[in-house]
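Novice: Provided herewith is a single structure, encoded as structure tokens, for subsequent inquiry.
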Amino acid sequence: VQLQAFGGGLVQAGGYLRLSCAASGGTFSSYGWFRQAPGKEREFVAAISRGSGSTDYRDSVKGRFTISRDNAKNTVYLQMNSLKPEDTAVYYCAVKRLLAVMYDYWGQGTQVTVSS
């Protein structure tokens with residue numbers, strides 16, 4: 001399984017970025033985005049079911065971030081609007097293979113920096 005994440009960068013507070021992550025080499029049940037800020041634990045950001053499209057978000061990004069997927073391309077997206085300095089982190093995509101309980105494959109991470 002390979003995951004390639006794209007779309008990170010530097011943006012001013014209030015701006016937006018769109019992350020994408022292409023997955024290959026497996027059959028997946030769900031996609032997720034996580035992030036890790038310097039000196040902090042990795043945290044869940046958003047997830048989407050590959051089949052039903054049901055989504056889940058951490059509270060601090062609800063209403064600002066939108067996760068979506070393109071099953072034909074095995075690609076997941078994270079549209080991030082109204083970005084805040086506290087969103088600064090390395091963002092990782094992850095996939096859960098069929099029948100897996102936890103996310104078992106991770107991308108390499110892409111840096112998102114939000115300046116105030």
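Novice: Take residue 37 and decide whether it is over 14 Å from residue 96 (Cβ atoms), touching a strand residue (DSSP E or B) at 6+ places or on another chain (Cβ under 7 Å) and small (Gly, Ala, Ser). If you could, list the steps in order and put the result at the bottom.
Specialist: On the way: over 14 Å from residue 96 (Cβ atoms): yes; touching a strand residue (DSSP E or B) at 6+ places or on another chain (Cβ under 7 Å): yes; small (Gly, Ala, Ser): yes.
Against the criterion (over 14 Å from residue 96 (Cβ atoms), touching a strand residue (DSSP E or B) at 6+ places or on another chain (Cβ under 7 Å) and small (Gly, Ala, Ser)), residue 37 qualifies.
Novice: A further question follows. Does the stretch 98-106 include one or more residues that are touching a residue at least 40 places away in the same chain (Cβ under 8 Å), within 13 Å of the chain's Cα centre (by Cα) and crowded, with 20+ Cβ neighbours inside 10 Å?
Specialist: No.
Novice: Going through 81, 74 one at a time, which residue ends up being modelled with pLDDT under 95, within 20 Å of residue 110 (Cα to Cα) and either buried (at least 18 other Cβ atoms within 10 Å of the Cβ) or of a type in the set (S, T, N, Q) (or both)? Explain how you work it out, then say what you get.
Specialist: On the way: 81 fails: modelled with pLDDT under 95.
Checking each option against the conditions leaves just 74.
Novice: With the structure loaded, tell me whether residue 10 is open to solvent by 60 Å² or more (accessible area, probe 1.4 Å) and within 15 Å of residue 91 (Cα to Cα) or whether it fails that test. Step through it out loud before you land on a result.
Specialist: Working: open to solvent by 60 Å² or more (accessible area, probe 1.4 Å): yes; within 15 Å of residue 91 (Cα to Cα): yes.
Here the answer is yes, as residue 10 does meet what is asked.
Novice: Just need a number here: residues in the stretch 42-91 that are of a type in the set (Ser, Thr, Tyr), part of a strand (DSSP E or B) and more than 14 Å from residue 18 (Cβ to Cβ).
Specialist: Quick first cut of the stretch 42-91, residues of a type in the set (Ser, Thr, Tyr) only: 49, 52, 54-55, 57, 60, 66, 68, 75, 77, 82, 88, 91.
Keeping just the survivors that are part of a strand (DSSP E or B) gives 49, 55, 57, 66, 68, 75, 77, 91.
Filter once more, so that each one left must be more than 14 Å from residue 18 (Cβ to Cβ): 49, 55, 57.
Total meeting the criteria: 3.
Conditions tested, residue by residue: (1) open to solvent by 30 Å² or more (accessible area, probe 1.4 Å); (2) within 20 Å of residue 87 (Cα to Cα); (3) part of a loop (DSSP other than H, G, I, E, B).
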site: 15; (1), (2), (3): no, yes, yes
site: 19; (1), (2), (3): no, yes, no
site: 23; (1), (2), (3): no, no, no
site: 29; (1), (2), (3): yes, no, no
site: 38; (1), (2), (3): yes, yes, yes
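Novice: Condition first: under 18 Å from residue 58 (Cβ atoms) and of a type in the set (D, E, K, R). Now tell me which residues in the stretch 84-112 satisfy that.
Specialist: Of everything in the stretch 84-112, those that are under 18 Å from residue 58 (Cβ atoms) and of a type in the set (D, E, K, R) turn out to be 84, 86, 87, 96.
The values are calculated or read from the model by the stated rules, or taken from the named source; none is laboratory data. Quick caveat: nothing in here was measured; it's all calculated off a predicted structure. Note: ideal-geometry Cβ built from the backbone for every residue, glycine included; neighbour counts use all protein chains shown. For accessibility, only protein heavy atoms count, side chains too; no ligands or nucleic acids. Shrake-Rupley method; radii C 1.70, N 1.55, O 1.52, S 1.80 Å.
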